[in-house]
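What follows is a set of notes on a single structure, which appears directly below.
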Amino acid sequence: ARKQTAFTQTHACLHDLIRWLREAARAGPPSQAEAEAAFDAIWLAKGPVEHAYAADYRRLALRLVAALIRAGADCTFRETTPMTVDFPNGQVLVEPSDLAELADGTLVVRRVRTG
């Protein structure tokens, strides 16, 4: 088992937020304030709130939240499902974090990693 640290707790909070964003974005891109409120609820429940550097971890996480919101602005999000990509020597299974359509109709497949 992995040791729980403030760093891993912060990552767990971000992963929960990414799942929340995936669900919330289907109704339209959430605002910065909505995403931060969702993150705050997750943070209070699971974050390293008692850690000496909790404020620093939270500040870093909120920067990532803001980047995710900016990246999803003006996109229409779709339900994600695993997909395969065919290559001459085999296939690769891709599990996207997001599937979005830009205003010009371009589809964007995004895999979000926090580490």
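Taken together, the values in this text are just the output of simple stated rules run on the coordinates, not laboratory data. Being a predicted model, the structure only gives us computed values, none of them experimental. Note that each Cβ is placed from the backbone with ideal geometry, even for glycine, and that neighbours are counted across all protein chains shown.
Structure notes:
- Overall form of the chain per C-alpha gyration tensor (a/c, 1.5; a/b vs b/c): oblate
- Legend: calculated FRET efficiency, residue 94 to residue 26, from the Cβ-Cβ distance at R0 = 22 Å, rounded to 0.05, equals 0.65.
- Check: segment 59-105 dipole with +1 on Lys, Arg Cβ and -1 on Asp, Glu Cβ, in debye: 400 debye
- Rounded to the nearest 20 debye, the dipole size of the chain about its Cα centre is 420 debye, using +1 on the Cβ of Lys and Arg and -1 on the Cβ of Asp and Glu.
- Helix-derived mean residue ellipticity, 222 nm - over the chain, DSSP H n ≥ 4, -39500 (n - 2.57), to 500: -15500 deg cm²/dmol
- Three-way shape label, segment 75-115, alpha-carbon gyration tensor, a/c 1.5: oblate
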